[in-house]
1. Just name the residue that is nearest to residue 396 (Cα to Cα) out of those in region 317-346 that are in contact with an Asp or Glu (Cβ under 7 Å, 6 or more places away or on another chain) and in a loop (DSSP other than H, G, I, E, B).
2. Would you confirm, using the coordinates I've provided, whether residue 404 is assigned by TED's automatic domain parsing to the domain that holds residue 323, in a loop (DSSP other than H, G, I, E, B) and within 21 Å of the chain's Cα centre (by Cα)?
3. Given the structure, is residue 481 of a type outside the set (S, T, N, Q), in the same structural domain as residue 381 (by TED's automatic domain parsing) and modelled with pLDDT under 95?
4. Cβ-Cβ under 8 Å, sequence separation 6+ or interchain: first residue in region 38-54 and more than 12 Å from residue 128 (Cα to Cα), partner modelled with pLDDT of 80 or more and among the charged types (D, E, K, R). Which pairs?
5. Looking only at helices (runs of 4 or more DSSP H) that lie completely in region 218-316, which have at least 2 residues being surrounded by fewer than 21 Cβ atoms within 10 Å (Cβ to Cβ) and in contact with a Cys (Cβ under 7 Å, 6 or more places away or on another chain)?
6. Return the total of residues in region 167-208 being surrounded by 12 or more Cβ atoms within 10 Å (Cβ to Cβ) and of a type in the set (Asp, Glu).
7. What residue, among those in region 193-217 that are in a strand (DSSP E or B) and of a type outside the set (A, V, I, L, M, F, W, C), is nearest to residue 176 (Cα to Cα)?
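The values are calculated or read from the model by the stated rules, or taken from the named source; none is laboratory data. Quick caveat, the model's predicted, so the values are computed rather than measured. Here Cβ is always computed from backbone atoms with ideal geometry, including for glycine, and neighbour counts include all displayed protein chains.
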Amino acid sequence: MNPPALTHSTLMKRTTPAILAIMIAVPTLATAAVDFVKDVQPILEFNCVRCHNPKSTDVEKNDAPLLHTKAEAIRGKRIVPGDATKSKVYTTTQLADDDDKLMPPSAEIKKGSSARLTMAEAETLKTWINEGAKWPDGVTLVARKKEAKVDNAAETLVVAKIAKRIGENSKEKTEAEMKPYTTTILGTEVSFDMVPIPGGKFKMGSPENEKGRGADEGPQREVEIAPFWMEKCEVTWNEFQLFMYPEEEKKASVSKNLAPELNKLTDAVTHPTKPYVEMSFGMGTDGYPAISMTQHMANKYCQWLSAKTGHFYRLPTEAEWEYAARAGTTTAYFWGDDASQIGQYCWWEKNSDFKYQKVGKKKPNPWGLYDILGNVAEWTLDQYDPEFYKKAPGANPWNKATKPYPHVARGGAWDAEKPEMLRAAARRASSAEWKRQDPQLPKSIWFHTDAQFLGFRIVRPLKTPTPTEMQAYWNNGVEKDDARLNKAD
């Protein structure tokens, strides 16, 4: 189920004084005038002028308008100074991929010789036009060819090195060898617990007569899940901040007199930019779940943790998450269908004091997982698709991400208004609205400042994946916001 977005009044009612103080303290960023030569000219030359210039065959064959000078652009009404909504040089970049009028052309995108404007480029173009389309006298644009996109060889090498270390450390080969274990993160006193989840089959989704059922929870589908370990509790700030602030990790390693080479592998993993607000929003850090990270940031944490520990970690698939949450049960909640018992197992609106709580304080599910329902919603690997259950494969289904939004979060959270939002089958789709207060342009690929209900927990499959598979789990390539896709969510 994907609950409706909170209204401003509801959000303010639930916002603690500490959070309000932080929200008020965030400064409003002043917007400087767009510099044509620095900011706009490259966008037009790489994306527009290479076709719309006097030497272009497109101009000769199709009478396409010219864009190499301001006079020509205005004459052809490609630019209407002061109004981007009437300027085709902007509006045609916002069309769907299959629209014949899309610019750059969709045919070129498919061939790989072009690409859609990024959100930042589109917003820069829009702002420049709305500011009056100031174009310095005497500036004539020339066509420039985009460089072909190349694979990130450095990232591939890093993953290969991490995979080698994992291969040297992972000893369990059969399900019978899987035992609960505790890992202390090297160089620190921070530890986390993993519990084995046996392989098996279950019915994913909910029956049509289940109270609170969403249309996206069916049809129910029996699927088979391979064995894995899952973190006993949600990832805490104690664990997560070691990744967020690499300098603190280095200081801890020095204090423990660890060999410098132990940090070389984790240093090579891309770390997040420094957040511009205090990310716990005053709700506490020691023993509390980490929140407000993007799925990309959660994926990169898993890569960092894998490099740090020598075991392969990732986010659970949506099917793995539901299988583990149900723990062999078939009822709406893992304790049964009686929602009145929810307070024994979950933090939600009626008992959370409008904020998340320390992990592991409620009763666990039958497989020993704490806060699997309630406290914070939890990221999964999957792209959200309301129709996915109809076409999901029968073994280890995973709907791989192909766009920035929406992805699936599971389990409900401390702000859930109804018990039904915490059912094992309930689904929640991510949205660009989760970055509404982010003042950066382009929006951060690391933080969902408006998703203070969102966290995650990690899994470790019994079968260690190949380096190529690891790369796919940790780097889905769709972390950058895209304004056109956002509109559809």
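1. Per the stated criteria, the residue is 317.
2. yes
3. Answer is yes for this residue.
4. Every condition considered, the pairs that remain are 47/121; 52/78.
5. In region 218-316, no matching helices (runs of 4 or more DSSP H) lie anywhere.
6. Count: 3.
7. Here the answer is 196.
Residue-by-condition table, conditions (1) within 19 Å of the chain's Cα centre (by Cα); (2) at pLDDT 95 or above:
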{"site": "351", "(1), (2)": "no, yes"}
{"site": "358", "(1), (2)": "no, yes"}
{"site": "364", "(1), (2)": "no, yes"}
{"site": "370", "(1), (2)": "no, yes"}
{"site": "379", "(1), (2)": "yes, yes"}
{"site": "383", "(1), (2)": "yes, yes"}
{"site": "391", "(1), (2)": "no, no"}
